[in-house]
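Every read-out reported here was derived from the displayed coordinates using simple, explicitly stated rules and does not represent laboratory data. Bear in mind the structure is a predicted one, so any value in this text is a computation, not a measurement. When we count neighbours, we look across all protein chains shown, and the Cβ atoms used for this are built from the backbone with ideal geometry, even at glycine.
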Amino acid sequence: MAVLTKEEAKQIIDKVLSYSEADEMSVNIYGGKTGNIRYARNTVNTSGESDELGLSITSVFGKKSGNTSINELDDDSLRKAVKRSEEIARLAPENPEYMPMLGPQEYEEAKTFSEATDAIDPDFRAQVAADSILPASDKNLTTAGYLEDFSGFSAMGNSKGMFGYYKSTSVDFSITVRTADGTGSGYAIKDFNDVSLLNSRQTTEVAMQKAAASVNAQAIEPGKYTVILEPTAASNLIGLLARSMDARSADEGRSFLSKKGGGNRVGEKLFDERVNIYSDPAHVDIPASPWGADGLPRQKTSWIENGVVKNMVYSRFWAEQQGKEPLPGPSGIIMEGGTQSLAEMIRNTDRGVLVTRFWYIRAVDPQTLLYTGLTRDGTFYIENGQIKFPVKNFRFNESPVIMLNNIEAMGKPERTGGNMIPPMKIRDFTFTSLSDAV
Amino acid sequence: MKRRDFINLTGLGMGAMMIPGIPLMGHPVSEAALLEERLENAAKKQLADIALNAAKSKGATYTDVRIGRYLQQYLFTREKNVQNITNNESFGVGIRVIADGTWGFSATHDVTPEGIAKCAETAVAIAKANAKLQKEPVVLAPVKGFGEVSWQTPIKKNSFEIPVKEKTDLLLAANNVAMENGAKFINSALFLVNEQKYFASSDGSYIDQDIHRIWPTFTASAVDQAVGVFKTRDALSSPMGMGYEYMDGLASEKIEGPNGLIGYRNSYDIMEDAKLAALQVNEKLAAKSVEAGKYDLVLDPNHLGLTIHESVGHPLELDRVLGYEANYAGTSFATLDKWESGNFQYGSDLVNIVADKTQPNTLGAVAYDDEGVKCKEWDLIKDGILVNYQAIRDQAKIINEEESHGCCYADNWSSVQFQRMPNVSLKPGKDKLSVLDMIKDVEKGIYIVGRGSFSIDQQRYNFQFGGQLFYEIKNGEIVGMLNDVAYQSNTQEFWNSCVQICDKDDYRTFGSFFDGKGQPSQISAVSHGSSTTRFNGVNVINTGRRI
């Protein structure tokens, strides 16, 4: 059985800890099942399912640590694994930045598990594929899609008395629909913990509409445009910002959050005052694991408040060096928005470009958090509150820092890529060239 | 399927290397365990035969079995500290069958007669289940059985036999020389891979291969805290299909370039490169910002390799062309009608691009691919014209080929093999031409060295590339360093602007160690050879911003 109960996991962890001769030891047990189905050209290419149960051990002597893991949980295997991790630790080089393990922690109860997702079987996956392939092929459209689901658990404990356990499920679905002649392409993507929230037929319908509507795209000059970024497109860039809030990089002078003359820019207003970004492991739409790096409890944390940098990520080592509290990075972020729907935002736009998603986003300059990438699978010109015609894709060179200073409006946040992000209307978004890609 | 871990390089201070995450497969083991033998070939053959027979008895018309042991040792350091050492082993078997004209695949870590037989039966059951949705039966290009054969990367020093301490000492020594020469920070890493693959198929092949790869790299940083500016310079090494002898730093494998630059062919001097990196990254701090406009570009092989990879390698993958990657990496502008026309001018008539899985010391070099096809070299672009794609056994007929190109690969025993990019290389120029001679004729240009930011659209038309070092060329001379350079172009326009290629004396390979493709994503490693090449009138943008 790949999923252990809390009690079963605790019992095994305690047993492993009892075999330890090291100064410190931590034990992680993980397990679960994952399945997927992939289709293209209106036919299924691959599908599969697998179970896994594993246990990993970290043994520490002084500042030397060793790690090993096994799939067998019988007593003999566990004893051997403990011995092996201790051997590795004794031979390891000393890590001057090693931090002693944490003692008992208080964790919030995770809300990450769904019975419905846990019950996904091959028939369900095949139905998802059929729900895309059949309606699309009826309209002479070609689908390529992918569904992946996971249901499992994670438990950890250490020789200082820390223990945690939670179960989680996830499902990720993405669909690309292309016209038979290859001149139109549409895309939609959804992710949830609870698969009962997923309507793959409706999601496919969105991609089908975009494919049909994007045929015969016209070229308009690259330059600075007002853009309406659908939540997926906005999340592509905001997510990168949220992953760049490490205090150590900033203090060392190699981050966009480095302060001229030394230190970091916590407390400075770097964004439009409507920008509020936080993380919350208990958020009902994007529930997260209760702990982060090293077993530090995740708590509701404000990262940007009214445009001001409120908090940065501190590893335990760097926090100690700087006399700060350690703070683990977020697993998903919530950006507050407004109440407008995407349709209302389009109606309120005189001239602009609607962007479904971005693609191949790569860092250009970490100093300014400048990224390049391209629009893809549904880019449209808006005039006088209406979508007028599809446009050829653009390459952009833009920084989310600049983007979040050019906000015109924000809509209702939606879950995308594990984040809650609103559709956003941004002025002066920089498109630097055209692409013929469909 | 497997549990995949990702080492987050941002946390190790290597985020500037532009690698999103380093995938790790399998389980941590001790350094010594990496050198132990798991199974002898005689035992592997017996197990493979069990799978072949079990699948056949259930109705498979074709079966291949891959018993694989995948070893990874990654070492990470920063300044004076060893940050992380991982020793990983992944061992198991993947079985692929054709039943009822349809592929089926199953994998297991239970490498016992019972485990393997059960796995083979599952693969057949999956094939039969999927057959209901199959439109046309799979047709394989014929392959003859090779009997019992073996091949090994011709290494001189097994990286896994070199003590970890010796390897981390070398990285720390390189860090030290960089710091002594003015780097404010340095992160260095050594990636070592050994694939021990045993392939057997119902065609009568039993192929044992032992493959080694190595990639030493670093990022040196300089910071001017008073002004609030920082710059980085990555190593100019290349990942190689070699053993630890790549670290010997042989003088005979160095190519002297302009401005004290050193190109490394089949041997890398990390101490020398770390020192140069420290000096150059400080020079970058003071370099002027580029003026946007059209420039003639002189591209070093250590830079051009990535442009070849993205704008030639990927668009000529036949599965992309056909639409199998539409939901992820995308499709391709290089459609079948362009190839069928026989006159699609991909590049200027100087451009000759070959695919191969045989070139010594490269990441792609093996004797047989992961479906038992003997590897070879073939033309992709000849005198500028698109002449071929990259195809495997079940695709060969689509492009009227009698045999597979031999470029099928799986990144693990638990992954199903599919078409992956072979080495894709630009042939050197026929006439004698050095880099300095090439630069002499450039009035307004930029000489670009090293791998930087890269991005290309989903059909491989529009791309943008950065680099590590940018030198301004004025009237045939390098006049200084530039910052904020990126060039944007269109694949066909770019390759048709190719006007000069240096000769074979300048030829070197670039490599991509963690190339991603497929859903679930698989990695592969691939090399790209070229000599320094000139492209005229390319659009350069200024990437400097103020925030």
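A few comments on the model shown:
- Computed magnitude of the charge dipole of the protein assembly as shown (debye, nearest 20; Cβ of K, R +1, Cβ of D, E -1): 1260 debye
- Average other protein chain Cβ within 10 Å of Cβ, residues A:356-365: 6
- Taking a straight line from the alpha carbon of B:LYS376, these aspartates and glutamates sit under 19 Å away, with near neighbours fewer than eight places off in the same chain left out: B:ASP208, B:ASP210, B:GLU317, B:ASP356, B:ASP394, B:GLU401, B:GLU402, B:GLU403.
- Relative intensity, log₁₀ I(q)/I(0), of chain B from a Debye sum that treats every alpha carbon as a point, q = 0.08, 0.09, 0.10 Å⁻¹: -0.53, -0.67, -0.83
- Normalised Debye scattering of region B:440-547 at q = 0.18, 0.24 Å⁻¹ gives log10 I(q)/I(0) of -1.12, -1.59, counting only Cα atoms as equal scatterers and leaving out solvent.
- Look at the alpha carbon pairs under 8 Å that are at least 6 residues apart: their mean separation over the length of chain A gives a relative contact order of 15 percent.
- Report note on the peptides A:296-309, A:198-211, B:484-497: ranked by the mean count of other C-beta atoms within 10 Å, highest first, their order is B:484-497, A:198-211, A:296-309.
- The distance separating the Cα centre of region B:278-336 from that of region A:178-241 comes to 25 Å.
- Neighbouring Cβ atoms from other chains, within 10 Å of the Cβ of residues in A:370-377, number 5 on average.
- Sequence-distant aspartates and glutamates (8 or more away, or on other chains) whose Cα lies within less than 14 Å of A:LYS412: A:GLU230, A:ASP285, A:GLU336, A:GLU344
- For chain B, the longest principal axis of the alpha carbon atoms and the long axis of helix B:270-286 meet at an angle near 50°.
- Taking the Cα centre of region A:1-83 as origin and assigning +1 to Lys and Arg Cβ atoms and -1 to Asp and Glu Cβ atoms, the resulting dipole is close to 420 debye.
- Charges were assigned to the Cβ only: +1 to each Lys and Arg, -1 to each Asp and Glu. The resulting dipole of chain A about its Cα centre is roughly 1280 debye.
- Taking the convex hull of Cα positions in chain A, its mean projected area over all directions (nm²): 22.4 nm²
- Within straight-line cross-link reach of A:LYS6, lysines at Cα separation under 26 Å, skipping those fewer than 8 residues along the same chain: A:LYS15, A:LYS33, A:LYS80, A:LYS83, A:LYS111, A:LYS160, A:LYS167, A:LYS300, B:LYS2
- With distances taken between every two different alpha-carbon atoms, region B:209-326 has a Kirkwood hydrodynamic radius of 17.2 Å.
- Highest mobility in the GNM of chain A, judged by mean-square fluctuation with C-alpha springs under 10 Å and restricted to A:ASP149, A:ASP191, A:ASP365, is found for A:ASP365.
- Helix A:231-242 and the longest principal axis of the Cα set of chain A meet at an angle near 40°.
- Size of the protein assembly as shown as Cα extents on the principal axes (Å, biggest first): 73, 66, 64
- Per-residue average of Cβ from other chains inside 10 Å of B:326-334: 6
- The long axis of helix B:164-180 is offset from the longest Cα principal axis of chain B by roughly 20 degrees.
- Cα Rg, Dmax (largest Cα-Cα span) when computed across region A:20-169, Å: 21.7, 67
- Percentage relative contact order, region B:353-500, counting C-alpha pairs under 8 Å, at least six apart: 17 percent
- Listed residues A:LEU55, A:LEU240, A:LEU73, most fluctuating in chain A (Gaussian network, C-alpha, under 10 Å): A:LEU73
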